[in-house]
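Chemist: Dropping a structure here in structure tokens format, bear with me for questions.
The values are calculated or read from the model by the stated rules, or taken from the named source; none is laboratory data. What you see is a predicted model; the values in this text were computed from it and never measured. Here the Cβ positions follow ideal geometry from the backbone for every residue, glycine too, while neighbour counts run over all protein chains shown.
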Amino acid sequence: MSLNLKSKLPNLEQSIFSKMSQMAVAHKAINLSQGFPDFEADPELISLMQQSLYGNYNQYAPMGGIYSLREAIAAKTERCYGQTYHPENEITLTAGATQAIYTAIASTIYPGDEVIIFKPAYDCYEPSVIAQGGIPVLLQLNSDFHIDWEAFRKALNSKTRMVILNTPHNPSGTILKDADLLTLEALLKPTDTLVLSDEVYEHLVFDNGLHQSVSKYPGLKERSFICASFGKTFHITGWKMGYCMAPEALMKEFRKIHEFVVFSVNHPAQRAIAEYMKDSSRYEALRALFQEKRDLFLGGIQGSRFAFTPAEGTYFQLLDYSEISPQSDLDFAEWLLRDKGVAAIPISVFNLNRQDNHQLRFCFAKKSETLKRACDILCRL
Ligand code: PMP
Ligand code: GLN
């Protein structure tokens, strides 16, 4: 029997994150590939989750999320960026940032609409656009991972429905600067182009750097979906909890799709996170924790033959291995995993035309002993 199945994503391969993590398990390698912590979440948060589970919060939450969590998100956004989002109609809880990103795209992109994506890019943007019949317009970042605004200006046209930003940036660890966002704001002013801003690493910024949320730029805020992740912020990637913020008119459309993708998300987790967020000092502690981890990792590879620019944000560090091997990044990553026991992510898979700059991405959201063991190996290469 022919089902006449026509794949919406015929060219999609297994994600590099799943592939490297599976191989890391199979070869018992130290897994610095997929981005997740190898340490536990705060016991206080786990205990709040237990209290929710025993506290009769096990039925559906309201479609947009419980109000106290939406209020906590609004208060945090006001505190961090001085910006107001109304909990009633401008904030929606989602099953991780992935669902927020998919929903924002599905609710606004029609077949033939162009969506500008900067490469290297996180892997969920392009398939989400293609699944709606949208056309990804891919622009490679400079060798220092900054946006070529002249190339952007040339790509912008009447079919450009959306531009996707990601700051702090996965995989490069760079952050967008005030001048970038001012340039974007000016370029988009005469257009009706929307912005999807993936800010999942907003609290992981180092060396007193500043996360520039698009919410701080009025000409961007009015046209932006901002997507965030509690998984990244509170070391609970497995809970799959995130949210989207957008002006009311955009959020209204977002919720029409959200309702039928998921309706509402994990109720006990929402309760736990809402309680946990009451203590605002947690964010400062988080910054310090990851600064220490980044510095430990950079200190650990100081004597190695890898070249690098310290990550400004995220929990990823790029290392250039050109001095160690002429191999492609896919081959080098596989050799490093199988023969040396350290798993990392090759960057070419995220680049335009799979451009290979001989760089691997290492996740430093790991226990000190894990980082030390990995650095010892990396220094011997
Ligand atoms: N965006 C980026 C840049 C990411 O690295 C990730 C991975 N966490 C996501 C979105 C997805 O976040 P979540 O796990 O909350 O779905
Ligand atoms: N965000 C994670 C990373 O960049 C991966 C999450 C996933 O596997 N989809 O490593």
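Chemist: Which condition breaks for ASN208 when tested against (1) polar (S, T, N, Q); (2) away from ligand 1 (no atom under 16 Å from the Cβ); (3) in contact with a strand residue (DSSP E or B) (Cβ under 7 Å, 6 or more places away or on another chain); (4) over 23 Å from GLY134 (Cβ atoms)?
Modeler: (3)
Chemist: For segment 340-352, which positions are in contact (Cβ under 8 Å) with a residue 24 or more places away in the chain and assigned to a helix (DSSP H, G or I)?
Modeler: If the condition is that a residue be in contact (Cβ under 8 Å) with a residue 24 or more places away in the chain and assigned to a helix (DSSP H, G or I), then LYS340, ILE347, VAL349, PHE350, LEU352 are the ones that fit.
Chemist: Can you tell me which of (1) closer than 17 Å to ILE116 by Cα; (2) away from ligand 2 (no atom under 16 Å from the Cβ) is the one LYS177 doesn't meet?
Modeler: Of everything listed in (1) closer than 17 Å to ILE116 by Cα; (2) away from ligand 2 (no atom under 16 Å from the Cβ), LYS177 misses just condition (1).
Chemist: If I go through segment 31-47 residue by residue, how many of them are over 17 Å from ILE236 (Cβ atoms) and more than 13 Å from ligand 2 (Cβ to nearest atom)?
Modeler: First, pick out the residues of segment 31-47 that are over 17 Å from ILE236 (Cβ atoms): 31-33.
This time we only want the ones that are more than 13 Å from ligand 2 (Cβ to nearest atom), so: none.
Going through segment 31-47 one residue at a time, the tally reaches 0.
Chemist: Restricting to segment 77-125, name every residue that is away from ligand 1 (no atom under 16 Å from the Cβ) and part of a helix (DSSP H, G or I).
Modeler: Correct list: THR77, GLU78, ARG79, CYS80, TYR81.
To keep it simple, each residue is scored yes or no on (1) within 25 Å of SER33 (Cβ to Cβ); (2) free of Cβ contacts under 8 Å to residues at least 12 places away in the same chain.
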| site | (1), (2) |
| --- | --- |
| ASP148 | no, yes |
| THR160 | no, no |
| ILE164 | yes, no |
| PRO168 | yes, no |
| ILE175 | yes, no |
| THR183 | no, no |
| LYS221 | no, no |
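Chemist: Quick check on this structure: which one of PHE364, PHE332 is crowded, with 17+ Cβ neighbours inside 10 Å and out of contact with any helix residue (DSSP H, G or I) (no Cβ under 6 Å at 6 or more places or on another chain)?
Modeler: One residue alone meets the criteria, PHE332.
Chemist: Can you name every residue in segment 4-17 that is within 17 Å of SER348 (Cβ to Cβ) and without any contact (Cβ under 8 Å) to a residue 60 or more places away in the chain?
Modeler: Within segment 4-17, ASN11, GLU13, GLN14 qualify.
Chemist: Same structure, new question: If I ask for residues that are surrounded by fewer than 16 Cβ atoms within 10 Å (Cβ to Cβ) and among the basic types (Lys, Arg), which ones from segment 130-176 would you list?
Modeler: Hits for segment 130-176 are ARG153, LYS154, LYS159.
Chemist: Right, next: Considering only residues that are under 15 Å from GLU253 (Cβ atoms) and surrounded by fewer than 23 Cβ atoms within 10 Å (Cβ to Cβ), which ones fall in segment 100-129?
Modeler: ALA106, SER107, THR108, TYR110, ASP113
Chemist: Right, next: Go through segment 10-30 residue by residue and tally those that are within 30 Å of VAL129 (Cα to Cα) and either within 11 Å of ligand 2 (Cβ to nearest atom) or surrounded by 11 or more Cβ atoms within 10 Å (Cβ to Cβ) (or both).
Modeler: Count: 11.
Chemist: Going by what's in this entry, would SER264 be described as closer than 23 Å to LEU48 by Cα and either touching a Gly at 6+ places or on another chain (Cβ under 8 Å) or within 16 Å of ligand 1 (Cβ to nearest atom) (or both)?
Modeler: Judged against the criteria, SER264 is a match.
Chemist: Which condition number does LYS252 fail, the rest of (1) under 22 Å from LEU48 (Cβ atoms); (2) assigned by TED's automatic domain parsing to the domain that holds ALA100 being met?
Modeler: With respect to (1) under 22 Å from LEU48 (Cβ atoms); (2) assigned by TED's automatic domain parsing to the domain that holds ALA100, LYS252 is out only on (1).
Chemist: Could you run through segment 224-250 and say how many residues are away from ligand 2 (no atom under 16 Å from the Cβ) and either crowded, with 23+ Cβ neighbours inside 10 Å or not charged (D, E, K, R) (or both)?
Modeler: Counting residues in segment 224-250 that are away from ligand 2 (no atom under 16 Å from the Cβ) and either crowded, with 23+ Cβ neighbours inside 10 Å or not charged (D, E, K, R) (or both) gives 10.
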